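Trainee: Questions regarding the structure given below will be posed in turn.
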Amino acid sequence: MIVLAWNGIRSWLRSRRPVHTLAPALKVRVRRIVDETVDIKSFELVSADGSALPAWSAGAHIDMRLDDETVRPYSLCGAPGARDAYHIAVKNEPDSRGGSRAMHQRVRVGDTLVIGGPRNHFALVDGARHHVLIAAGIGITPLFAMVQELQARGASYELHYFTRSIAETAFHQVLSAPPYAGGVSFHHAVGGRLRELLRRLLWQHPPGHHLYMCGPRRFTAVIDDVIAGIWPSEAIHVEYFGADPAAEAAPNRAFEVKLERSKRTIAVAADDSIADALCAHGIDVVTSCREGVCGTCLTGVIAGTPDHRDAFLSDKERKAGDKIMICVSRAKSAQLVLDI
Ligand code: FES
């Protein structure tokens, strides 16, 4: 069993933050850990009680609960449909806030871990004529599952996988061999050639083609730029790492939320989130990542203008303004009326 101890700052944070209700959980046991690259480990997780794991499809993620304050979403990257084991791959990020470090340094074979999910907000589009998958670094994880699913379906796809070198390329051996090799292109250390390469790949949007991308924000931002005005939003599917730093850096101001169903009005301070403010007033909200990534806290907006700070909603959903991720997003209007 692992005990994930946390430092004084975390203890202090825990003592002052409202306790949220976490999404339903499942206990799993770590059956195998593999070094995929020098800084990426994969973890094979089986149900702690030996039963079949919940069904899932390519693009799904689980929420790994490292402690009461630390929940991290990890994409499932095994063979889709497999219910005897889940597979995730985690890169050790020196600048992370502790999730990847804990997974690398403290988790051992035989440990029991608690996970939420799986949930899928990054699913393949049924009936697409062709799927273009673009991954950078550890962004390969959901796309690796997609490639396996598309291959099993006999669907048309191409995967472009960007890394610094073969040594830093997780799953290189599998993806460079049959049956995947024909559909996979590796791009190593492209540096300043990235934009030109992406332009050559994505210069047009053939009907029925769908684009899926996963990687660091500066990487997906280049793709966004290259495809602007060419690929329609409904054909673009993105999974980001972490919350949007530009949105996080935006100034905060206080506002209030009116809860339509419970007929209450709650003030949200400039340094508070909607979810924390509701919890502090005894209103139960279910959260998981608390970073605007996982989709657990999705809440309906009845009136007012959301200030979206999440990495979950699509541009189209943001423009519609009828949903908000209450763990990170705020209000542009003085009041938001929520469907709670
Ligand atoms: Fe994950 Fe809000 S709790 S998006």
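Trainee: Of the accessible area of the chain, with the probe set at 1.4 angstrom, what percent is carbon plus sulfur?
Mentor: 51 percent
Trainee: Per residue of the range 298-311, what does 6.51 cos²θ - 1.76 cosθ + 1.60 with θ = phi - 60° give for ³J(HN,Hα)? Whole Hz please, x for Gly and Pro, Karplus curve as stated.
Mentor: Rounded to whole hertz, the list is 3, 9, x, 10, 9, 8, x, 10, x, 10, 6, 10, 8, 10.
Trainee: Hey, another quick one. Could you rank His130, His281 by how accessible they are, 1.4 Å probe, largest area first?
Mentor: On the way: His130 25, His281 90 Å².
Output order, biggest surface exposure first: His281, His130.
Trainee: Which whole-Hz ³J(HN,Hα) couplings does the range 127-140 yield from phi under the Karplus relation 6.51 cos²θ - 1.76 cosθ + 1.60, θ = phi - 60°, glycine and proline marked x?
Mentor: Calculated HN-Hα couplings, in order: x, 5, 6, 7, 10, 9, 10, 10, 10, 10, x, 6, x, 5 Hz.
Trainee: Give me the one-decimal nm value for the distance between modelled label points at Gln335 and Glu234, 7 Å along each residue's Cα-to-Cβ direction.
Mentor: A separation of 3.6 nm, rounded to one decimal place.
Trainee: Specify the residue with the greatest mean-square fluctuation among Ser42, Ser51, Ser156, computed from a Gaussian network of the chain linking alpha-carbon atoms under 10 Å apart.
Mentor: Ser51
Trainee: Reachable lysines from Lys41, Cα under 30 Å, same-chain residues fewer than 8 places away excluded?
Mentor: Partners found: Lys27, Lys91.
Trainee: How much of Phe122 can a 1.4 Å solvent probe reach, expressed as accessible area in Å² and rounded to 10?
Mentor: 10 Å²
Trainee: Return the FRET efficiency for the residue pair Ala25, Ala152: r is the Cβ-Cβ distance, R0 is 22 Å, and the value is rounded to the nearest 0.05.
Mentor: Details: r = 29 Å, r/R0 = 1.34.
So, using R0 = 22 Å, E works out to roughly 0.15.
Trainee: Further question: Return the Cα extents of the range 217-306 along principal axes one, two and three, sorted largest first, each rounded to a whole Å.
Mentor: Answer, in whole Å and largest first: 45, 25, 23 Å.
Trainee: 5 Å is the cut-off here: which amide hydrogens, built 1.01 Å from N in the peptide plane, fall below it relative to Tyr157, excluding neighbours closer than 5 in sequence?
Mentor: His131
Trainee: Using only C-alpha atoms and all pairs of different ones, pull out the Kirkwood radius for the chain in Å with one decimal.
Mentor: 21.2 Å
Trainee: Percent of alpha carbon pairs in the range 88-170 separated by more than 14 Å? Mind dumping the intermediate values first?
Mentor: Working: 2463 of 3403 pairs.
Tail of P(r) above 14 Å: 72 percent of Cα pairs.
Trainee: Count the net charge of all other residues whose Cβ sits under 9 Å from the Cβ of Gly116, scoring Lys and Arg as +1 and Asp and Glu as -1.
Mentor: Charge balance near Gly116 sits at +1.
Trainee: Okay, next question. List the equivalent ellipsoid semi-axes of the range 288-340 in whole Å, largest first, each obtained as the square root of 5λ for an eigenvalue λ of the Cα gyration tensor. Numbers along the way, then the final one.
Mentor: Values: eigenvalues 53, 27, 19 Å².
Over the Cα atoms of the range 288-340, the ellipsoid semi-axes are 16, 12, 10 Å.
Trainee: Ordered by residue, what ³J(HN,Hα) values in Hz, to whole numbers, does the range 194-200 give under the Karplus form 6.51 cos²θ - 1.76 cosθ + 1.60, where θ = phi - 60° and Gly and Pro are x?
Mentor: Working through the residues one at a time gives 4, 4, 5, 4, 5, 4, 5 Hz.
Trainee: In deg cm²/dmol, rounded to 500, what helix-only [θ] at 222 nm does the chain give when every DSSP H run of at least 4 residues adds -39500 (n - 2.57) and the total is split over its residues?
Mentor: Details: 9 runs with 72 residues, N = 340.
After summing the helix terms and dividing by residue count, I get -5500 deg cm²/dmol.
Trainee: Skipping prolines and chain starts, which residues have an amide H placed within reach, meaning under 5 Å, of the one on Gly117, given they are 5 or more residues away or on another chain?
Mentor: Here Asp63 satisfy the definition.
Trainee: Could you give P(r) for the range 151-278, binned at 5 Å from zero, as whole percent values over all Cα-Cα pairs?
Mentor: Here the calculated profile for the range 151-278 is 2, 8, 13, 15, 15, 12, 9, 7, 7, 7, 4, 1.
Trainee: Now, a different point. Which distance in Å, rounded to a whole number, links the C-alpha centroids of the range 53-117 and the range 304-340?
Mentor: Each part reduced to its Cα centre gives a spacing of 28 Å.
Trainee: Further question: Compute the relative contact order of the range 191-311 as a whole-number percentage, counting only Cα pairs closer than 8 Å that sit 6 or more residues apart in sequence.
Mentor: Details: 119 pairs, mean separation 25.1, N = 121.
For the range 191-311, the relative contact order is 21 percent.
Trainee: What are the residues whose amide H is under 5 Å from the amide H of Cys297, where those residues sit 5 or more places off or on another chain and H is modelled from the backbone?
Mentor: Ser288
Trainee: Please state the shape class of the range 253-324: rounded when a/c is under 1.5, otherwise prolate if a/b exceeds b/c and oblate if not, all from the C-alpha gyration tensor. Could the numbers behind the result be given before it?
Mentor: Numbers: a/c = 1.58, a/b = 1.30, b/c = 1.21.
It is prolate, given that a/c is not under 1.5 and a/b is the larger ratio.
Trainee: Kindly report the accessible area of the chain per residue (heavy atoms of protein chains, probe 1.4 Å, no ligands, DNA or RNA), in Å². Mind showing how you got there, number by number?
Mentor: Numbers: 15690 Å² over 340 residues.
Averaged over the residues of the chain, the accessible area is 46 Å².
Trainee: Something else: Separation of the range 187-208 and the range 155-179 by C-alpha centroid, Å?
Mentor: 16 Å
Trainee: Please sort by residue number the trypsin sites (Lys or Arg not before Pro) in the range 23-117 whose DSSP state is loop and whose Cβ has at most 11 other Cβ atoms within 10 Å.
Mentor: Details: sites: Lys27, Arg29, Arg31, Arg32, Lys41, Arg65, Arg83, Lys91, Arg97, Arg101, Arg106, Arg108; in loops: Arg83, Arg97, Arg106, Arg108.
Of the trypsin sites (Lys or Arg not before Pro), the ones in loops of the range 23-117 whose Cβ has at most 11 other Cβ atoms within 10 Å are Arg108.
The values are calculated or read from the model by the stated rules, or taken from the named source; none is laboratory data. These numbers were taken from a predicted model, which means no experiment stands behind them. Glycine also receives a Cβ, built like all others from the backbone with ideal geometry; neighbour counts cover every protein chain displayed. The protein model used for the area step is the full one, side chains on, heavy atoms only, and it has no ligands, DNA or RNA in it. Shrake-Rupley method; radii C 1.70, N 1.55, O 1.52, S 1.80 Å.
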